[in-house]
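Colleague: Mind looking over this structure? Questions follow.
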Amino acid sequence: MMNTPYKLLGGEAGVRQLSQELYRVMSGSAEAKTIRDMHAEDLSGVSEKLFMFLSGWLGGPNLYLQKYGTICLSTPHSKYAIGPAERDQWLACMDGALDNIGASVELKEMLKEPMFHLADVMCNRD
């Protein structure tokens, strides 16, 4: 049986750690200031939503779908100007978060292309 990214991260605890670490990296990165400024000062709510989304997206329980009934990523992001620069800032933060939590090379390779596509969907300008 193939390992899902959810399992490789260590299940619920690992996905929650990744979600929280993403926003720690974002908050500490001068290069990610543009996307950090798109978020509220308190990141706990968005971190929880990301955790819930990633849980299902990575092969675990569909927590976001269970709570919110639908998953449309572009609508909540549409009020922000997101282009390739912002996408790449987010991806750099995710790469840093994966590194910081000790994600395996296997997992990082497994997620590289899907994470790019996930972030690319948010782009609403050139």
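The values are calculated or read from the model by the stated rules, or taken from the named source; none is laboratory data. Just so it is clear, the structure is predicted and the values come from calculations on it, not from any experiment. With ideal geometry, Cβ positions are generated from the backbone for all residues, glycine too; neighbour counts draw on all protein chains shown.
Colleague: Kindly list the number of the only condition in (1) under 23 Å from Met2 (Cβ atoms); (2) among the acidic types (Asp, Glu); (3) modelled with pLDDT under 95 that fails for Glu113.
Modeller: That leaves (3) as the condition not met.
Colleague: Wholly within segment 1-69, which helices (runs of 4 or more DSSP H) include no fewer than the required count, namely at least 1 residues that are among the small types (Gly, Ala, Ser) and surrounded by 19 or more Cβ atoms within 10 Å (Cβ to Cβ)? Lay out the reasoning, then the answer.
Modeller: Numbers: elements: 5-9, 11-27, 33-36, 44-57, 63-68.
Fully inside segment 1-69 and qualifying: 11-27, 44-57.
Colleague: Can you say whether Asp120 is closer than 18 Å to Arg16 by Cβ and among the charged types (D, E, K, R), as far as the supplied structure shows? Walk me through how you get there before you give the answer.
Modeller: Values: closer than 18 Å to Arg16 by Cβ: no; among the charged types (D, E, K, R): yes.
So Asp120 does not fit the description; no.
Colleague: Can you name every residue in segment 70-106 that is free of Cβ contacts under 8 Å to residues at least 60 places away in the same chain, aliphatic (A, V, I, L, M), outside any loop (DSSP other than H, G, I, E, B) and within 25 Å of Glu12 (Cα to Cα)?
Modeller: Passing the criteria: Leu91, Val105.
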